[in-house]
Structure formats: C-alpha cells, structure tokens
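As structure tokens, the structure follows; a few thoughts come after it.
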C-alpha cells in the first residue's frame, strides 16, 4: 500500500514538471497576428458613437450585437449612417478617387451578413441599403 502511494506521488510530481511541446508551423504567425488584430479592434470598436474625420465626413455607427465589423475608407465629404443589429455582420466601404459628396444609409438586421461597396458615382451618392436577412452578401461596384 505504501509502495503504491509512493509511486502515485512520484508520478504526479514527475508529470507536473513535464513541459508542453512548442509546435510552430508556417501558419502560427498568421494566427497570432489575427488574434492581436482582433483584440485591437475589440478595444477600438465604435458603438453608438459619431466620428468626424479630417475631411469633414460624418460617420455614425450603431452596432447592436457581437463581432460586428465596419471598415469605412473615404477621401471626400461623406455622411454615413450604419446600423448593424445582429451578430457577425460585416460592412466595408472603400472610395479613394471620387470627390462627390454623398449620404449613404445602411441597415443590417440579422446574422452573418456582408455588404461591400467599392467606389462611388452619381447613382450611388444618396444610396440606402436595407439588408433584412441572415447569411447574405451584397457587393456594390461603382466605377
């Protein structure tokens, strides 16, 4: 009986000093960077705040839910109202070369929705998008 207890204690102490393997492959850096960026985004997430940028753009983002994402990149006066209700919604708006003042209103209701807008023209300068579904994607290409 004593011998069994000694063996059990020795085994427990031996296992507690064993170190885990450190396995690194080609994706490790990518995965670490993803989580670092995700943590940084979570710290700077815009929720129910108005943002005024250098070029006098007014951007209002209302996010109700978890893991919603908004990327807005503009170079002219622009008014954006984005409302995301649900989880894991994505909104991306990129325009670099146009100088058209615009007002864009976007609403996403549901989960796992995606809206991507590239460019801007006179047809899209007062655009309204209502996405009322789940697992749907809208891509708008303006050239």
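Bear in mind that the values in this text are calculations on the coordinates, not laboratory data. Just so it is clear, the structure is predicted and the values come from calculations on it, not from any experiment. Cβ coordinates were reconstructed from backbone atoms using ideal geometry, including for glycine residues, and neighbour counts include every protein chain displayed.
Quick notes
- Listed by first and then second residue, the pairs with beta-carbon distance under 9 Å, at least 6 apart or on different chains, first residue in segment 117-143 and touching a residue at least 24 places away in the same chain (Cβ under 8 Å) and on the phi > 0 side of the Ramachandran plot, second exposed (fewer than 11 other Cβ atoms within 10 Å of the Cβ) and not in a strand (DSSP E or B), are 119/97; 119/143.
- Annotation for segment 89-104: at least one member residue is crowded, with 18+ Cβ neighbours inside 10 Å, in contact (Cβ under 8 Å) with a residue 24 or more places away in the chain and farther than 16 Å from residue 141 by Cβ.
- For residue 72, the conditions (1) without any contact (Cβ under 8 Å) to a residue 24 or more places away in the chain; (2) farther than 17 Å from residue 57 by Cα all hold with the exception of (2).
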